[in-house]
Amino acid sequence: MFRKILHGLAVLAAPMAISMASSAAAQSTLEMVKQRGTLNCGINGQLRGFSWQSEPVGWAGFDVDLCKAVAAATLGDATKVTYTPLTAQQRFKELADGRIDLLVRNSTVTLRRLADGVEAVSVNFYDGQAFVVPNKLAIQNLSQVSGGKVCTVRGTTHEDNATAWFRARRNRIDLVSFDTNDAMLDAFFASRCMAATLDASALASALIVRNKTADYSILPQMISREPLGPYVRRGDDQWANIVRWTFQAMLAAEDLDLRRDNVQSERRSNDPDVRHLLGVTPGNGKALGLDEDWAFNVILQVGNYGESFERHLGARSMLKLARGQNALWRDGGLMYPLPMR
Ligand SMILES: N[C@@H](CCC(=O)N[C@@H](CS)C(=O)NCC(=O)O)C(=O)O
């Protein structure tokens with residue numbers, strides 16, 4: 001009898017032991033980042049304005065700022081980031097396999113990507129797919145590209161979008177796909193294609209970096225919506241929330257006019273929204289598993305959304321992109337900060 005009970009216990013105990021071992025091994029992403037002391041962030045690396053490396057600045061850009069912001073929120077230090085440049089094709093596998101904690105790589109939020117097991121937590125840039133053509137071809141609108149060769153990057157949303165757009169108009173194009181942006185642009189500027197297609201922001205960046213604005217034009221027609229945003233691995237809700245609310249803190253800071261140069265003194269503000277955001281009124285930090293000054297660190301070290309946009313993409317940058325759809329909702333854009341309560 002006793003042996004029977006013992007046996008029964010052993011049968012029960014075995015799965016318990018396995019599940020305890022696996023829960024001890026399954027550290028949360030926040031714990032891993034803290035233990036490592038650095039955030040592993042996957043970026044593009046070839047896209048001036050979004051993620052780009054230069055001396056003596058190091059990595060800089062609008063996407064890089066979001067990596068820095070998450071490091072400031074979680075580690076209190078925006079410089080504690082290890083950047084990994086990834087191709088379009090590699091990016092989601094690197095995230096799913098745990099080699100990066102966060103992917104901020106001009107990545108469109110789509111149904112298939114989410115259904116495939118990664119999680120998009122925000123839209124940090126509303127974009128659309130555009131086409132660039134050489135001025136010498138005198139192309140005025142996109143249908144004139146029908147039947148021609150179009151250069152594109154493998155593993156992007158652009159291949160399907162472009163094929164579908166022409167097919168819907170009973171036309172076709174000859175897609176020529178490359179693994180990297182640089183290889184694609186080299187081919188396009190060497191006249192191997194009639195047009196090249198990318199996110200409009202990426203096209204603007206490429207023309208400026210390669211000094212081609214005089215001889216090439218971006219056609220005004222956009223064929224898709226490309227809501228770009230940060231991705232995290234599925235299955236760690238706390239981490240998803242940390243990234244989501246770090247981005248929201250940057251938007252809320254713009255709305256409340258909290259900037260790098262005034263956030264210190266604004267800690268004495270009487271505005272309840274400011275006090276909640278900066279952790280003077282505690283609670284948000286605890287809810288996310290972070291120090292109460294997490295958002296204060298983001299704003300002090302990286303700045304608000306508008307500051308980041310202007311620095312890397314807007315008036316104060318080489319790209320000189322208009323805020324457009326990326327303006328705050330009260331200025332007619334789509335950026336709508338959620339309540340930080
Ligand atoms: N937003 C699109 C496109 C993203 C993308 O990868 N774009 C190309 C053109 S800018 C790129 O970044 N290429 C760089 C590379 O793969 O090396 C997507 O998520 O699929």
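Computed from the coordinates by the stated procedures, all read-outs in this text should not be read as laboratory data. Everything numeric in this text was worked out from a predicted model, so none of it was measured. Because the Cβ atoms are built from the backbone with ideal geometry, glycine has one as well, and the counts that use them run over all protein chains shown.
What does the C-alpha gyration tensor say about the overall shape of the chain? Classify as rounded when a/c is under 1.5, otherwise prolate if a/b is larger than b/c, or oblate. It is oblate, given that a/c is not under 1.5 and a/b is not larger than b/c. When the chain is treated as a GNM with alpha-carbon contacts under 10 Å, the residue of D293, D116, D63 showing the greatest mean-square fluctuation is D116. With neighbour counts taken as other beta-carbon atoms within 10 Å, the residues S191, S205 rank, fewest first, as S191, S205. As a length-normalised measure over Cα pairs under 8 Å and 6 or more apart, the relative contact order of the chain settles at 20 percent. In a fully extended conformation the segment linking A315 and T84 would gain 80.4 nm over its present Cα-Cα distance, using 0.36 nm per residue.
Taking 0.36 nm per residue of sequence separation and subtracting the Cα-Cα distance, how much length would be gained by fully extending the chain between A168 and D77, in nm to one decimal?
Details: separation 91, 0.36 × 91 = 32.76 nm, distance 4.95 nm.
Stretched fully, the A168-D77 segment lengthens by 27.8 nm.
Between Q140 and D271, full extension at 0.36 nm per residue minus the direct alpha carbon distance yields a gain of 42.0 nm. Measuring between alpha carbons in the structure, the pairs from K93/K320; K68/K320; K149/K212 lying more than 28 angstrom apart are K93/K320. Compute the label zone of S54 within region 212-227: residues whose backbone N is under 16 Å from the point 7 Å along Cα-to-Cβ. Backbone N within reach: 212. Label sites at D261 and L114, each approximated as a point 7 angstrom past Cα along Cα to Cβ, lie 4.0 nm apart. Rank L47, L137, L319 by mean-square fluctuation in a GNM of the chain with C-alpha springs under 10 angstrom and give only the top-ranked residue. Taking springs between Cα atoms under 10 Å, the residue moving most is L137. When the chain is treated as a GNM with alpha-carbon contacts under 10 Å, the residue of A78, A252, A315 showing the greatest mean-square fluctuation is A315.
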